Amino acid sequence: MEYEGQICRAPMERASFMLPIMVGCSYNRCKFCNLFRHLSYRELPLEQIEQELKRVKGVGGNPKRIFLGDGNAFAQKNDRLIQILEMIQQYFPDCEEINMDATVTSIRKRSDEELRKFGRLGVRHLYLGIESGLAFMEKDHNQEQAYEAIRRLKHADMVFDAHIMTGVAGKGRGAENAKALAEFLNQTEPAHVVNFSMFLHKEVPLYQNILDGSFVPSSERENLE
């Protein structure tokens with residue numbers, strides 16, 4: 001399968017078989033993100049996904065870990081995601097875990113039974129972006145909802161991995177943000193924490209906020225401290 005876009009996944013997934021099930025990100029509104037803005041979001045046909053599974057099996061592949069791409073793959077409709085997971089089980093019954101990016105909202109839309117079903121079908125690690133300034137960054141949830149989503153996720157025997165971003169709180173708020181983030185991580189206990197440094201392209205909305213003065217980025221020294 002020819003991959004479209006820029007590959008972005010946690011370092012823990014570097015040895016996973018990456019199976020694209022969509023192009024782009026179904027949310028794609030975070031102010032700082034430029035990974036998917038140049039792409040028109042679309043779901044890949046199930047027939048194309050199955051052909052990729054057949055191709056990998058045909059060359060002797062037997063992945064133990066599979067990462068579903070691209071951005072926010074967990075937001076796929078229940079029936080479609082279940083079909084994809086069942087196809088993976090059909091072609092690779094020895095696969096031990098299926099992982100993907102998610103959002104708090106994509107978890108909250110599922111019932112407890114639906115979450116448990118995904119766990120039974122092999123979904124194990126969900127990667128969530130945990131940022132400060134949720135409303136300003138156009139995240140579609142608040143902190144209380146994040147706590148609740150992660151609690152329900154763990155009750156369904158799935159694992160929460162945190163993506164965090166140094167500098168996202170802006171100038172003068174680094175220490176405040178670090179303390180709040182530490183409290184959140186201590187309470188939610190992610191399996192892994194992946195730290196990104198904020199790097200802004202001129203095409204992202206947050207860059208315009210810098211130009212108009214509504215967001216002042218922190219210095220490299222503040223980020224390190």
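Derivation of every value follows stated rules applied to the coordinates shown; laboratory data play no part. Note that the structure is predicted; figures quoted are calculated from it, not measured. Neighbour counts are summed over all protein chains in view; Cβ atoms, including those assigned to glycine, are modelled from backbone coordinates with ideal geometry.
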Exercise. Helix 78-91: angle to the longest alpha-carbon principal axis of the chain, degrees 0 to 90, nearest 10?
Worked result: 50 degrees
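May I ask you to work out the translational diffusion coefficient for region 35-101 at 4 °C, viscosity 1.567 mPa s, via Stokes-Einstein with Rh from the Kirkwood sum over Cα pairs, reported in whole µm²/s? Kindly include the intermediate steps, with their values, before the conclusion.
On the way: Rh = 12.9 Å.
Translational D for this selection: 101 µm²/s.
V59 to Q208: extension gain in nm, 0.36 nm per residue of separation minus the Cα-Cα distance? It would help to have the intermediate numbers written out before the result.
Details: separation 149, 0.36 × 149 = 53.64 nm, distance 4.79 nm.
Contour length minus the Cα-Cα distance gives 48.8 nm.
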Seminar exercise, completed: Whole-Hz Karplus couplings 3J(HN,Hα) for region 166-182, θ = phi - 60° and coefficients 6.51, -1.76, 1.60, Gly and Pro as x, run 5, x, 6, 7, x, 4, x, 10, x, 5, 4, 5, 4, 5, 5, 5, 4
Seminar exercise, completed: Relative contact order as a percentage, the chain, C-alpha pairs under 8 Å and 6+ apart, gives 18 percent
Exercise. Taking every pair of alpha-carbon atoms in region 74-225, what share in percent sits in each 10 Å bin, from 0 to the bin with the longest distance?
Worked result: 10, 36, 29, 18, 7, 0
Problem set entry | Compactness of region 5-159, expressed as Rg and Dmax over alpha-carbon positions, Å | 15.4, 48
Seminar exercise, completed: Computed, not fitted: 222 nm per-residue ellipticity of the chain from DSSP H runs ≥ 4 (each -39500 (n - 2.57)), nearest 500, equal to -10500 deg cm²/dmol
Problem set entry | Folded to 0 to 90 degrees: helix 143-155 orientation relative to the chain principal axis, Cα | 30 degrees
Problem set entry | Isolated Cys in the chain, by beta carbon distance under 4.7 Å | C8, C25, C95
For this session: Do me a favour and compute the ellipsoid semi-axes for region 1-78 from its Cα gyration tensor, root of five times each eigenvalue, largest one first, whole Å.
Result: 23, 15, 11
Problem set entry | Hydrodynamic radius (Kirkwood) for region 75-119, which is based on Cα pairs only, to one decimal in Å | 11.4 Å
